[in-house]
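The values are calculated or read from the model by the stated rules, or taken from the named source; none is laboratory data. Source: prediction; values computed, not measured. We place every Cβ from the backbone using ideal geometry, glycine too, and count neighbours over all the protein chains shown. Side chains are part of the model used for accessible areas, which takes the heavy atoms of the whole protein and leaves out ligands, DNA and RNA. Shrake-Rupley method; radii C 1.70, N 1.55, O 1.52, S 1.80 Å.
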Amino acid sequence: MSRPPNRKILLGVTGGIAAYKACDLVRRLRDRNFDVRVVMTASAREFVTPLTFQALSSNPVHCALLDERAEAGMGHIELARWADLVLVAPATANLLARLAHGFADDLLATLCLATTAPLVLAPAMNQQMWQAPATRENVRTLRDRGVEMLGPAQGDQACGEVGPGRMLEPEAIAVRIESRFRGGALEGVKVLVTAGPTREALDPVRYLTNHSSGKMGYAVAAAAAEEGALVSLVSGPTALPAPSGVDRVDVTSAEEMHAQVMARAARCDIFVAVAAVADYRPAHRAEQKIKKGDGPGALDAALDLVRTPDIVAGVAALADRPFTVGFAAETESVEAHARDKLERKGLDMIAANRVGLPDRGFASGCNALSVLWRDGGRREFPLASKAELARSLVGLVAERYRAEHPA
Ligand code: PMT
């Protein structure tokens with residue numbers, strides 16, 4: 001059977017312990033009928049042998065930039081032209097730095113520079129290295145150039161630490177690569193989502209918050225990623241893992257969420273505000289735990305509240321604003337309150353949900369939405385799992401966004 005065209009993946013493997021997972025990735029890509037050629041750096045060969053990748057990919061493995069035999073067959077420029085997509089998994093901090101600065105000091109870096117194919121990186125490194133300012137800067141530079149970052153995931157690391165830095169699982173990477181080739185409704189569109197609650201500290205021990213679990217917002221982020229969007233998720237404290245292929249930024253308070261959203265909003269195409277942001281925070285955060293013995297006066301003072309910034313209204317007011325979607329959590333007169341918020345906050349669309357019922361809204365696995373948009377349009381999405389609802393909502397958002405931004 002002949003292979004469908006445009007399914008050629010050049011897989012770069014760099015030297016990290018996650019290199020062993022790249023073997024499984026080759027198998028999963030081949031299961032999806034991709035033609036895979038593997039390029040290994042010198043340090044990757046310390047972890048896995050080229051023979052393993054040769055056997056799994058059924059293609060010769062490329063290792064050296066200046067290899068007479070390779071140049072006589074498929075040389076580095078031909079290899080760069082051959083690929084429909086260049087994927088590097090795992091991508092170490094060293095590789096990110098070399099790519100950000102345009103190095104061409106080995107075969108893989110040279111190919112990344114020489115190719116016109118899309119570049120997708122699945123970073124894997126120690127969590128401290130991922131969070132180091134130099135790596136953050138390199139990632140920002142690469143993203144600004146259109147490079148897609150898949151992950152990293154949070155969790156236990158081979159070095160014994162816990163945090164962001166694990167390579168995404170091979171299946172999640174293969175799903176994302178497949179969806180890029182399939183072409184989703186939001187292919188290449190930059191989507192920013194907020195999710196979860198915020199916590200507003202009274203003192204080092206106590207805070208004000210709400211019942212949001214983050215499930216609805218995470219489902220929206222996952223559904224947008226499934227449709228090919230490049231998704232950033234600014235999340236309040238939740239117990240949920242980041243959805244595959246989504247770049248998650250953790251925050252605690254409304255002010256932190258506001259800062260992280262405003263830093264990204266002008267660069268995104270669609271903003272979906274699902275977070276249950278606290279409307280008020282304590283005017284003063286006590287440095288020390290407020291003692292019960294300090295009397296009611298101390299607690300009254302701590303409960304002196306001030307408004308938090310309205311994040312979604314702030315984004316909608318930007319001169320170069322993204323398509324802006326709000327949520328409305330209401331206990332009564334759901335549609336009337338939602339329409340009022342749509343207009344008052346200057347939104348393009350609002351998804352209203354009833355809260356305070358046991359089978360939907362906060363923390364439940366299910367929900368129902370009434371979606372309203374500016375020219376008087378409306379659509380009902382009846383009670384369903386949050387994952388299903390999020391797919392329906394994202395489909396509608398894509399439809400309305402495309403209507404306003406024809407390709
Ligand atoms: O997280 P789950 O447990 O899955 O629950 C889902 C949910 C009920 C939290 C979700 O479906 C939902 O309704 N999210 C919006 C909650 C909310 O704060 O609604 P609101 O009506 O108070 O706010 C209206 C809009 O303004 C929202 O888009 C909100 O994100 C935004 N907002 C509110 C206050 C503020 N300071 N800044 C904001 O951006």
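Side notes on the structure shown:
- Residue selection: Gly184 fails the criterion of being in contact with an Asp or Glu (Cβ under 6 Å, 6 or more places away or on another chain), in a loop (DSSP other than H, G, I, E, B) and surrounded by 21 or more Cβ atoms within 10 Å (Cβ to Cβ).
- Take the conditions (1) closer than 24 Å to Gly146 by Cβ; (2) surrounded by fewer than 23 Cβ atoms within 10 Å (Cβ to Cβ); (3) within 11 Å of the ligand (Cβ to nearest atom); Val193 misses just one of them, which is (2).
- Counted residues, the stretch 84-96 - those being open to solvent by 30 Å² or more (accessible area, probe 1.4 Å) and in a helix (DSSP H, G or I): 1
- Scan of the stretch 219-241 for residues that are small (Gly, Ala, Ser) and within 15 Å of the ligand (Cβ to nearest atom), ordered by number: Ala219, Ala221, Ala222, Ala223, Ser235, Gly236, Ala239
- The test for being surrounded by 14 or more Cβ atoms within 10 Å (Cβ to Cβ) and part of a helix (DSSP H, G or I) does not hold for Leu168.
- Selected residue (criterion: surrounded by the fewest Cβ atoms within 10 Å (Cβ to Cβ)) from residues of the stretch 370-388 that are at pLDDT below 90, outside any strand (DSSP E or B) and within 14 Å of the ligand (Cβ to nearest atom): Glu388
- Any hit, the stretch 266-287, residues being open to solvent by 80 Å² or more (accessible area, probe 1.4 Å), assigned to a loop (DSSP other than H, G, I, E, B) and within 16 Å of the ligand (Cβ to nearest atom): yes
- Any chance Met216 is within 17 Å of Gly326 (Cβ to Cβ), surrounded by fewer than 18 Cβ atoms within 10 Å (Cβ to Cβ) and either within 15 Å of the ligand (Cβ to nearest atom) or under 19 Å from the mean Cα position of the chain (by Cα) (or both): no
- Checking Leu303 against (1) out of contact with any strand residue (DSSP E or B) (no Cβ under 6 Å at 6 or more places or on another chain); (2) more than 10 Å from the ligand (Cβ to nearest atom); (3) open to solvent by less than 40 Å² (accessible area, probe 1.4 Å); (4) in contact (Cβ under 8 Å) with a residue 40 or more places away in the chain, the condition it does not meet: (3)
- Of all residues in the stretch 308-347, those that are buried (at least 21 other Cβ atoms within 10 Å of the Cβ) and more than 12 Å from the ligand (Cβ to nearest atom) total 2.
- Residue check for Val189: farther than 18 Å from Leu10 by Cβ and under 17 Å from the mean Cα position of the chain (by Cα): yes
- Selection count, the stretch 268-303, where residues are under 23 Å from Gly236 (Cβ atoms), acidic (Asp, Glu) and at pLDDT below 90: 0
- Odd one out for Cys366 among (1) open to solvent by less than 10 Å² (accessible area, probe 1.4 Å); (2) touching a Leu at 6+ places or on another chain (Cβ under 7 Å); (3) of a type outside the set (D, E, K, R): (1)
- Annotation note: of Asp35, Asp31, Asp67, the sole residue that is buried (at least 17 other Cβ atoms within 10 Å of the Cβ) and among the acidic types (Asp, Glu) is Asp35.
- For Ser235, the conditions (1) under 28 Å from Val147 (Cα atoms); (2) among the hydroxyl-bearing types (Ser, Thr, Tyr); (3) open to solvent by 10 Å² or more (accessible area, probe 1.4 Å) all hold with the exception of (3).
- Some residue of the stretch 351-369 being at negative phi, touching a helix residue (DSSP H, G or I) at 6+ places or on another chain (Cβ under 9 Å), basic (Lys, Arg) and assigned to a helix (DSSP H, G or I): no
- If you filter the stretch 198-213 down to residues that are outside any strand (DSSP E or B) and crowded, with 22+ Cβ neighbours inside 10 Å, you find that the one that is nearest to the ligand (Cβ to nearest atom) is Ser212.
- Among (1) under 19 Å from the mean Cα position of the chain (by Cα); (2) open to solvent by less than 10 Å² (accessible area, probe 1.4 Å); (3) over 26 Å from Ala259 (Cβ atoms) - the single one Ala109 does not satisfy: (1)
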